[in-house]
Amino acid sequence: MLLNIVKSTALVALASCILNAGEFNAQAEKDRIALIEYTVAKFKDAEKNRDNFFPYSTDDELKNNIKKDIKVEEFAMGNYAFSIQGQFSYNEIKDMPPYEELVEQGEELYNDNKAIQACFPDTTIAGDYPYFDQKRNEVISLTGAINECLVNAGQEKWNEKKGKMPILQAYFAAQSTEAEKKVNITIPTAEAAAAYERGKEYYYTQRGYLKLSCATCHVQGAGKRVRNESLSQFLGQTTHFPVYRLKWGKDKVANGLGTLERRMEGCIKDQGQVPPKTNSKQMKELLYFMAYMSNGMNVDGPDVRK
Amino acid sequence: MAKKTRIKAKEKKGITTAKVMANHAMLSYDEAKRAKKEVNFITSMIAKVDGVIVYEVSTSQFLSKNPFVQFKFKGANKGKELEFTWTDLKGNTQTDKKKIK
Amino acid sequence: MKKLYSVVATAGLALAISGCTTNTVSTPSFETLDEKQLCNVKSNGIENVLATAAKYNKIAKEHGVEFKRLGMTNTQYIDETNKSIKAGSDKVVLLDKKGKATKNSVSVEYATQRACKFAVSALILEAEGKKTWRTAVPGDGFKY
Amino acid sequence: MNRRKFLGLGLGAAAVMLPSTLSAVNFRETKTSAFEGPKSHTVDEAMTELFGTSKTTAGKVTLKAPDIAENGAVVPIHVSSKLAGKTVAVFQDANPESLVAVFTVPANGIIDYKLRIKMAKTGTVTAVVQDGTTLFSDSKMVKVTAGGCGG
């Protein structure tokens, strides 16, 4: 029975393989384009598309707070892309964002650490992570790579969520943004494609006691409200990390900055589930899939969020 | 404590726009009580060009932490130095300078 | 060479698509678990239900699908309930995200039932998810 | 009430220490009661302490603030006006004391001020420009909520 299933799926898979002539990212490209099409269609005209996409939103919200005709590139702004109210605050805060001094601190960290310099001679690499390491057959995240570099040089690992880690990453992100780098995730092998698929399954699978998937809120739910919170859309969700959250910065400014992993952990907890470990295979594959969905968009980190 | 005040000042068509972010915890009475720290916040900010006051404000405990202010004034040229001073409740003051671009 | 690649790709994709990992081979049985029956404290007794909770939560944890509610993992739920029973208390004090006791508490019976429900439904949800996740993917099962 | 008294005293002591040469008009010294103390709680009271009246005329001042604050700890405010007023003040009613800042407009100054303020809860922000003996004002309600799913 099981063998039959494997056989038939293999056949289906084979068929798609022939169609795509051995391009390992073929399925991922299809997914990415479908996500863009969906997101653009959804936000084309919220008022008009109400029945389809926003059945529970109020008239006032649709008319006055959800922008129309949003460009693909703008979706990197998270919910500020469509939220007119949010955009005002965002622009004001971006005028002189609280993370600027942290980027400078990140530059100092970089300049003071020979090991990091040797591991990352190019500082404009924020858009290239996570990548699939063909030799090791696994996804390598920027956070993981930095810690591995430190350990190899006989130094202590850094906290994967806050502190030095996002501060150094903020420097990389700022350098990448300045160099006008784009998100550039590749899927070089079949194993990489499988890792991508596992990440995708994680994103779309309902989990936790609330039975929510990541997609419930950020694909189907994007643009809707949870109480007073606008849900951000999946497209462009990873382009701007590390991120400075006003919520995190409440006690200490340096603490306001967090890695993508820190944000993910919070979000998965909100689903009512124990989140996977920051540097686990599951987390890295999830990030790998998510980053691929933002492929081709500008790296625009660090950024500021609620 | 002695972290620098971040200043950006740009002149365009005779009007200088200055954006300033001071480095201060701005602990209000309530916040200080909660954090079991001493209350302290910036009580006044002054900006000068060539010794002439171009910005002056008396402030309260309700400015955000690391307060940001932006102001505009006439009559300064590019290359002049903007001098920004804050004073807090405990009497600490800090002055930073930046050339107008 | 290219052919070889595509064979590897096929295998990889097939694995991914059918989700045919060791995990899934053992999961189908969980889908048919009867949560209501298993977690019924009145008919099974608190001790048994708590044992059921521990048994399935262990698997849920291994599968990375353990539930967590308001800062408290299901493991903590089970541990705290056990502690309360040992101490002869009829209340389970809820913990905050740092593992410290909060002002809130629930009855041992309620905590037991919830821990069990959480453990069992985590596994049911996981099994169902294997079949349903594609319905949420734009360009795949999700139509709009 | 005890706390208030204590605060008032503390402020008085601190105010003496301030180097007064820095500022031409330090409102914290000259109008302490508008900032803190028994008459600083409501906008009307504080305004009266500061300007001698709480009668304002709407208009000629523009106050920009978000409808919903991203975070109560960082609420961006923008006050602008073409009036030739010499004093500008910002109030809000979401905190224990209502006066936030008093600007003295210098000779070369332009009334175009941005600042970021803290608001403990949802409230109304009011900006006032004193032009001669008239107070012009603009107000805006800002909702403050917690949380964030902004990605």
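The values are calculated or read from the model by the stated rules, or taken from the named source; none is laboratory data. None of the values given here were measured: they were computed from a predicted structure. Using ideal geometry, Cβ is built from the backbone for each residue, glycine included, and neighbour counts are taken over all protein chains shown.
Within the range A:222-244, the residues that satisfy the criterion of being over 16 Å from A:Gly86 (Cβ atoms) and touching a Leu at 6+ places or on another chain (Cβ under 7 Å) are A:Phe234, A:Leu235, A:Thr238, A:Phe241, A:Pro242. Condition first: out of contact with any Pro (no Cβ under 6 Å at 6 or more places or on another chain) and away from chain D (no Cβ under 14 Å). Now tell me which residues in the range A:285-306 satisfy that. Correct list: A:Glu285, A:Leu286, A:Phe289, A:Tyr292, A:Asn295, A:Gly296, A:Asn298, A:Val299.
Taken over the range A:35-53, the residue count meeting the criterion of being surrounded by fewer than 18 Cβ atoms within 10 Å (Cβ to Cβ) and not polar (S, T, N, Q) is 9.
Tallying residues that are among the small types (Gly, Ala, Ser), farther than 22 Å from D:Ile77 by Cα and either under 10 Å from the mean Cα position of the chain (by Cα) or more than 8 Å from every other protein chain (Cβ to nearest Cβ) (or both) within the range B:42-83 yields 2.
Yes/no per residue for (1) part of a helix (DSSP H, G or I); (2) surrounded by 13 or more Cβ atoms within 10 Å (Cβ to Cβ); (3) of a type in the set (D, E, K, R):
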{"site": "A:Pro55", "(1), (2), (3)": "no, no, no"}
{"site": "A:Met77", "(1), (2), (3)": "yes, yes, no"}
{"site": "A:Gln85", "(1), (2), (3)": "yes, yes, no"}
{"site": "A:Ser89", "(1), (2), (3)": "yes, yes, no"}
{"site": "A:Glu101", "(1), (2), (3)": "yes, yes, yes"}
{"site": "A:Glu104", "(1), (2), (3)": "yes, yes, yes"}
{"site": "A:Asp122", "(1), (2), (3)": "no, no, yes"}
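Inside the range A:225-271, can you point out the residues that are of a type in the set (A, V, I, L, M), within 22 Å of A:Ala173 (Cβ to Cβ) and buried (at least 21 other Cβ atoms within 10 Å of the Cβ)? Listed by number, the residues that qualify are A:Leu235, A:Val243, A:Leu246, A:Leu257, A:Leu260, A:Met264. Looking at D:Thr104, D:Thr126, just one residue is in contact with a helix residue (DSSP H, G or I) (Cβ under 7 Å, 6 or more places away or on another chain) and at pLDDT 90 or above, and that residue is D:Thr126.
Whether a residue is of a type in the set (Gly, Ala, Ser), in contact with a Cys (Cβ under 9 Å, 6 or more places away or on another chain) and either farther than 30 Å from A:Glu47 by Cβ or more than 9 Å from every other protein chain (Cβ to nearest Cβ) (or both) was assessed, and A:Ala145 passes this test.
Once the range B:12-41 is narrowed to residues that are of a type in the set (Asp, Glu) and within 14 Å of chain A (Cβ to nearest Cβ), the residue that is nearest to D:Phe35 (Cα to Cα) is B:Asp30.
All of A:Asn113, A:Asn4 fail the test of being more than 11 Å from chain C (Cβ to nearest Cβ) and either within 30 Å of A:Trp158 (Cβ to Cβ) or at pLDDT below 90 (or both), apart from A:Asn113. Counting only residues that are over 22 Å from D:Ser33 (Cα atoms) and surrounded by fewer than 23 Cβ atoms within 10 Å (Cβ to Cβ), the range D:112-122 holds 4 of them. Looking only at the range A:70-107, residues that are of a type in the set (Phe, Trp, Tyr), at pLDDT 90 or above and out of contact with any Ser or Thr (no Cβ under 9 Å at 6 or more places or on another chain) come to 1 in all. The set of residues in the range D:60-73 being buried (at least 24 other Cβ atoms within 10 Å of the Cβ), within 14 Å of chain A (Cβ to nearest Cβ) and at pLDDT 90 or above consists of D:Ala65 alone. In the range C:57-74, the residue that is nearest to the other protein chains (Cβ to nearest Cβ) out of those that are touching a helix residue (DSSP H, G or I) at 6+ places or on another chain (Cβ under 8 Å) and polar (S, T, N, Q) is C:Asn74.
If you check B:Asn77 against the conditions, is it surrounded by 14 or more Cβ atoms within 10 Å (Cβ to Cβ) and more than 19 Å from D:Val105 (Cβ to Cβ)? Taking the combined requirement at face value, the residue does not satisfy it.
One residue stands out in the range A:37-53 among those that are more than 9 Å from chain C (Cβ to nearest Cβ) and not in a loop (DSSP other than H, G, I, E, B): the one that is modelled with the highest pLDDT, namely A:Val40. Of the residues making up the range D:112-123, just one is assigned to a loop (DSSP other than H, G, I, E, B), touching a strand residue (DSSP E or B) at 6+ places or on another chain (Cβ under 6 Å) and facing another protein chain (nearest Cβ under 8 Å), namely D:Met119. Screening the range A:124-162 for residues that are part of a helix (DSSP H, G or I) and not aliphatic (A, V, I, L, M) and picking the one that is surrounded by the fewest Cβ atoms within 10 Å (Cβ to Cβ) gives A:Asn152. Tally the residues that are of a type outside the set (Gly, Ala, Ser) and farther than 14 Å from A:Gln175 by Cβ, restricting the search to the range A:109-138. Adding up the residues that qualify gives 13. The set of residues from the range A:83-96 being under 20 Å from D:Val144 (Cα atoms) and either acidic (Asp, Glu) or touching a strand residue (DSSP E or B) at 6+ places or on another chain (Cβ under 9 Å) (or both) comprises A:Ser83, A:Ile84, A:Gln85, A:Gly86, A:Phe88, A:Ser89, A:Tyr90, A:Asn91, A:Glu92, A:Ile93, A:Lys94. Taking the criterion of being aliphatic (A, V, I, L, M) and within 13 Å of chain C (Cβ to nearest Cβ), the residues of the range A:261-278 that qualify are A:Ile268, A:Val274. The set of residues in the range A:271-283 being within 24 Å of A:Leu210 (Cβ to Cβ) and assigned to a helix (DSSP H, G or I) consists of A:Gln282, A:Met283.
Looking only at residues in the range D:96-111 that are more than 7 Å from chain B (Cβ to nearest Cβ) and among the aliphatic types (A, V, I, L, M), the one that is surrounded by the fewest Cβ atoms within 10 Å (Cβ to Cβ) is D:Ala107. For beta carbons closer than 9 Å, sequence separation of 6+ or different chains, a first residue in the range D:53-64 that is within 16 Å of D:Val88 (Cβ to Cβ) and a second that is aromatic (Phe, Trp, Tyr), the qualifying pairs are D:Thr56/D:Phe136; D:Thr57/D:Phe136; D:Ala58/D:Phe136; D:Gly59/D:Phe136; D:Lys60/D:Phe136; D:Val61/D:Phe136; D:Lys64/A:Phe88. Within the range D:75-95, restricting attention to residues that are free of Cβ contacts under 8 Å to residues at least 40 places away in the same chain and assigned to a strand (DSSP E or B), which residue is surrounded by the fewest Cβ atoms within 10 Å (Cβ to Cβ)? Among them, the one singled out is D:His78.
What number goes with the only condition from (1) assigned to a strand (DSSP E or B); (2) touching a residue at least 40 places away in the same chain (Cβ under 8 Å); (3) within 16 Å of D:Asn26 (Cβ to Cβ); (4) within 9 Å of chain D (Cβ to nearest Cβ) that B:Trp86 does not pass? Only one criterion is unmet by B:Trp86, namely (4).
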